[in-house]
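Just below is one structure, and these are the notes that go with it.
Values quoted throughout were computed directly from the atomic coordinates according to the rules given, and no laboratory measurement underlies them. The model shown is predicted, which means the values in this text are computed figures rather than measured ones. Cβ coordinates were reconstructed from backbone atoms using ideal geometry, including for glycine residues, and neighbour counts include every protein chain displayed.
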Amino acid sequence: MPSRSFAAFDPLAILTTLSDVEYLVVGGFAAVLYGAPTVTGDLDIMPCLDEENVTRLASALVALHGIVREPRSTGRRLAVTVELLRQSATGASAGGQLRTRTSAGPLDILWRLHDGRGYDDLVGRSCVLAEDELSVRVIGLDDLIDIKAAIGRPQDRVALPYLEEIRRRR
Amino acid sequence: MGAEYDDRQAEIDETLLDCFLELGLKARIQSAANFANAVEKLRRIRSAGDSDYAE
């Protein structure tokens, strides 16, 4: 069961559970997948907003015992359900996201980027990384670099030189 | 510090990147998770002084 105590981050378990869901890995973990040796303690995904896909995502989150991540002070433990996920997706504006905690660690669902772009705008330039049975669709490297440069938080500035070097070597 | 430090840091960064790029996808994911879990564990020990995490 999920808890507010320490749940080890297990992104492989999350990615495996999401195998039937259409999404892009975005954010810091996308940088890791491309090979940036940076630290990130959560997984950010941008799902396709198709209704059936949102339902599949909800099922995966139920399997992962997903709850909405809220400040500890609220004392609430709101489980992720199909209805909650649909509401969150429908009302999503620029920067809209749902932050969850699962039995395999934090999983943040970004419906749209800060500039309003969503899955359909980015999937065409995305890339699939695979090994054995694991296959993960990741936001395009150029898009990832542009976004990190635009946002410019400390963790973005740390990842950028690695990502630019990875692009240079390709 | 200064230029010597920057050169050394650049060398470390490049070595780290080379090593990480040599890993397969799953090993890269697992390495990142191990690192994140270690950092989180240390952060909790330092912020809460919780002996449950001080193994």
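Give me the distance between the Cα centres of the range A:110-143 and the range A:17-68, rounded to whole Å. Comparing the Cα centres of the range A:110-143 and the range A:17-68, I get a distance of 10 Å. Here is how the number arises for chain A: DSSP H runs of 4 or more residues each give -39500 (n - 2.57), the sum is divided by the residue count, and the result at 222 nm is -11500 deg cm²/dmol. Shown is the FRET efficiency for residue A:168 and residue B:45, computed with R0 = 41 Å from the Cβ-Cβ distance and rounded to the nearest 0.05: 0.60.
Could you work out, residue by residue across B:12-22, how many beta carbons of other chains sit within 10 Å of that residue's beta carbon, and then give the average as an integer? Across B:12-22, the average partner-chain Cβ count within 10 Å equals 4. Counting only other chain Cβ atoms within 10 Å of each residue's Cβ, the peptide A:35-46 averages 5. Rounded to the nearest 20 debye, the dipole size of chain A about its Cα centre is 700 debye, using +1 on the Cβ of Lys and Arg and -1 on the Cβ of Asp and Glu. Taking label points 7 Å from Cα along the Cα-to-Cβ direction, residue A:19 and residue A:86 give a separation of 2.7 nm. Once divided by 2.2 N^0.38 Å, the Cα radius of gyration of the protein assembly as shown becomes 1.04. For the range A:11-161, relative contact order (Cα pairs under 8 Å, six or more residues apart, normalised by length) works out to 26 percent. Computed about the Cα centre, the dipole magnitude for the range A:58-121 is approximately 340 debye when only Lys and Arg (+1) and Asp and Glu (-1) carry charge, each at its Cβ. The angle separating the long axis of helix A:51-63 from the principal Cα axis of greatest extent in chain A is about 70 degrees. For chain B, the longest principal axis of the C-alpha atoms and the axis of helix B:25-48 are separated by about 50°.
Of all DSSP beta bridges in the protein assembly as shown, what percent run antiparallel (nearest 5)? Close to 80 percent.
Helix A:154-169 axis versus longest C-alpha principal axis of chain A: approximately 50°, rounded to the nearest ten.
Near residue A:144: Cβ cut-off under 12 Å, other residues only, Lys/Arg at +1 and Asp/Glu at -1. The net charge is -3.
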